[in-house]
Amino acid sequence: MSVHEQYAEDLSLYALGALEGEERRVVEQHLDGCSGCRQELEKLQGDLALLAFSASGPRPPARSRERLMAAIAKEPRRVELPRARWAWWNVLGWAAAVAALAMAFLLRQQNSNLRQHVGELETSTAKQDQQLGEAKQLVSALTSPEALHFTLVAGKAPPQPQGKAIYVPSSGTLVFLASNLPHIPAEKAYELWLIPTTGAPIPAGVFKPDARGAASVIRPPLPTGVEAKAFAITIEPEGGSPGPTSTPIMVGTGG
């Protein structure tokens, strides 16, 4: 047996990655100085690539499989095979294993994406349910018999600034809608006040009108059980004030 034939027997195992330790080092030393064996190794590696590709693509040429099996057949049979030697017996299922691993990865990725999507839907549904519950509570409060209505006006010349406040003392629920409000400087804002039957005015929301002069205040934080004598609007610094700092421009009593 020539030197090249001796190493050719191990090239198929080297191409499969089944050589380890000293055997692998010896083959690699020979490959460094033998162009013929390097060419043969490249052919074997190409044949292996075609076999792997066949798991998910077109069938490789028959000559590729024949060349690989012929190279493997050159290996002498042994009664006891070292661990590195018998690893190549798995080559027939290698392509299928690659395909199975790829499918498992894709399924895992799809499962992860699906769980994330389900989580987002659950979060969105919970938020919508919360908003729906709050809307039902608001409608129930505003349509209850104890809801009080206040109309705020300013001046008589059209378009007349006007505001509507619906207030439920027992729950402290307030909805205020305004229209035709004049624009104010950027550093200023309108502030709504609850005027109780006794005590100082209570801040009920800071707001600015839109381009059409419309504005709203929905459920500001108010104490419960406060009886309102009136609602008023003043012009305050942009961040609001703890108490009125200017004369009210709009005032409305209940009725």
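The values are calculated or read from the model by the stated rules, or taken from the named source; none is laboratory data. Remember, predicted model here, so these are calculated numbers, not experimental data. Virtual Cβ from ideal backbone geometry, glycine too; neighbours counted across all protein chains shown.
Any chance segment 232-249 includes a residue that's outside the structural domain of Lys136 (by TED's automatic domain parsing), among the charged types (D, E, K, R) and closer than 28 Å to Ala135 by Cα?
Applying the first criterion (outside the structural domain of Lys136 (by TED's automatic domain parsing)) to segment 232-249 yields 232-249.
If we keep only those that are among the charged types (D, E, K, R) too, we end up with 236, 238.
So of that shortlist, the ones also closer than 28 Å to Ala135 by Cα come out as none.
Among the residues of segment 232-249, not one is outside the structural domain of Lys136 (by TED's automatic domain parsing), among the charged types (D, E, K, R) and closer than 28 Å to Ala135 by Cα, which makes the answer no.
Restricting to segment 200-213, and then to whatever is of a type in the set (Gly, Ala, Ser) and at pLDDT 95 or above, can you tell me which residue is nearest to Ser170 (Cα to Cα)?
Kept after step one, since they are of a type in the set (Gly, Ala, Ser), are these residues of segment 200-213: 200, 204-205, 211, 213.
So of that shortlist, the ones also at pLDDT 95 or above come out as 200, 204-205.
Details: Ala200: 19, Ala204: 16, Gly205: 19 Å.
The selected residue is Ala204.
With the requirement that a residue be under 50 Å from the mean Cα position of the chain (by Cα), assigned to a loop (DSSP other than H, G, I, E, B) and either modelled with pLDDT of 85 or more or not aliphatic (A, V, I, L, M) (or both), what does segment 17-48 give you?
Of everything in segment 17-48, those that are under 50 Å from the mean Cα position of the chain (by Cα), assigned to a loop (DSSP other than H, G, I, E, B) and either modelled with pLDDT of 85 or more or not aliphatic (A, V, I, L, M) (or both) turn out to be Gly17, Glu20.
With the condition kept exactly as written, say whether any residue in segment 164-175 is closer than 23 Å to Pro237 by Cα and assigned to a loop (DSSP other than H, G, I, E, B).
No, there is no match, as no residue in segment 164-175 is closer than 23 Å to Pro237 by Cα and assigned to a loop (DSSP other than H, G, I, E, B).
Out of (1) surrounded by fewer than 18 Cβ atoms within 10 Å (Cβ to Cβ); (2) over 27 Å from Ala135 (Cα atoms), the odd one out for Lys164 is which?
It fails just one condition, (2).
Looking at this structure, is Arg77 farther than 30 Å from Thr247 by Cβ, at pLDDT below 75, among the basic types (Lys, Arg) and not in a helix (DSSP H, G or I)?
Values: farther than 30 Å from Thr247 by Cβ: yes; at pLDDT below 75: yes; among the basic types (Lys, Arg): yes; not in a helix (DSSP H, G or I): yes.
It is true that Arg77 is farther than 30 Å from Thr247 by Cβ, at pLDDT below 75, among the basic types (Lys, Arg) and not in a helix (DSSP H, G or I).
Looking at this structure, is Lys188 modelled with pLDDT of 95 or more, more than 28 Å from Lys136 (Cβ to Cβ) and of a type in the set (Lys, Arg)? Steps first, please.
Numbers: modelled with pLDDT of 95 or more: yes; more than 28 Å from Lys136 (Cβ to Cβ): yes; of a type in the set (Lys, Arg): yes.
So Lys188 passes the test.
Of everything in segment 209-255, what is assigned to a loop (DSSP other than H, G, I, E, B), surrounded by 15 or more Cβ atoms within 10 Å (Cβ to Cβ) and among the hydrophobic types (A, V, I, L, M, F, W, C)? Give them in sequence order.
Listed by number, the residues that qualify are Leu222, Val226, Ile249.
Of the numbered conditions (1) in a strand (DSSP E or B); (2) among the aliphatic types (A, V, I, L, M); (3) more than 14 Å from Val251 (Cα to Cα), Ala200 satisfies every one except a single condition; which is it?
(1)
Kindly indicate whether any position in segment 167-183 is in the same structural domain as Thr247 (by TED's automatic domain parsing), over 23 Å from Gly225 (Cα atoms) and surrounded by 20 or more Cβ atoms within 10 Å (Cβ to Cβ). Quick ask: steps written out before the conclusion?
Within segment 167-183, the subset in the same structural domain as Thr247 (by TED's automatic domain parsing) is 167-183.
Add one more test, that the residue is over 23 Å from Gly225 (Cα atoms), and what stays is 178-183.
Of the ones still in play, those that are also surrounded by 20 or more Cβ atoms within 10 Å (Cβ to Cβ) are 178, 181.
Looking through segment 167-183, at least one residue is in the same structural domain as Thr247 (by TED's automatic domain parsing), over 23 Å from Gly225 (Cα atoms) and surrounded by 20 or more Cβ atoms within 10 Å (Cβ to Cβ).
Can you find even one residue in segment 189-196 that is in a loop (DSSP other than H, G, I, E, B) and in the same structural domain as Thr245 (by TED's automatic domain parsing)?
First, the residues of segment 189-196 that are in a loop (DSSP other than H, G, I, E, B): none.
No, segment 189-196 contains no residue that is in a loop (DSSP other than H, G, I, E, B) and in the same structural domain as Thr245 (by TED's automatic domain parsing).
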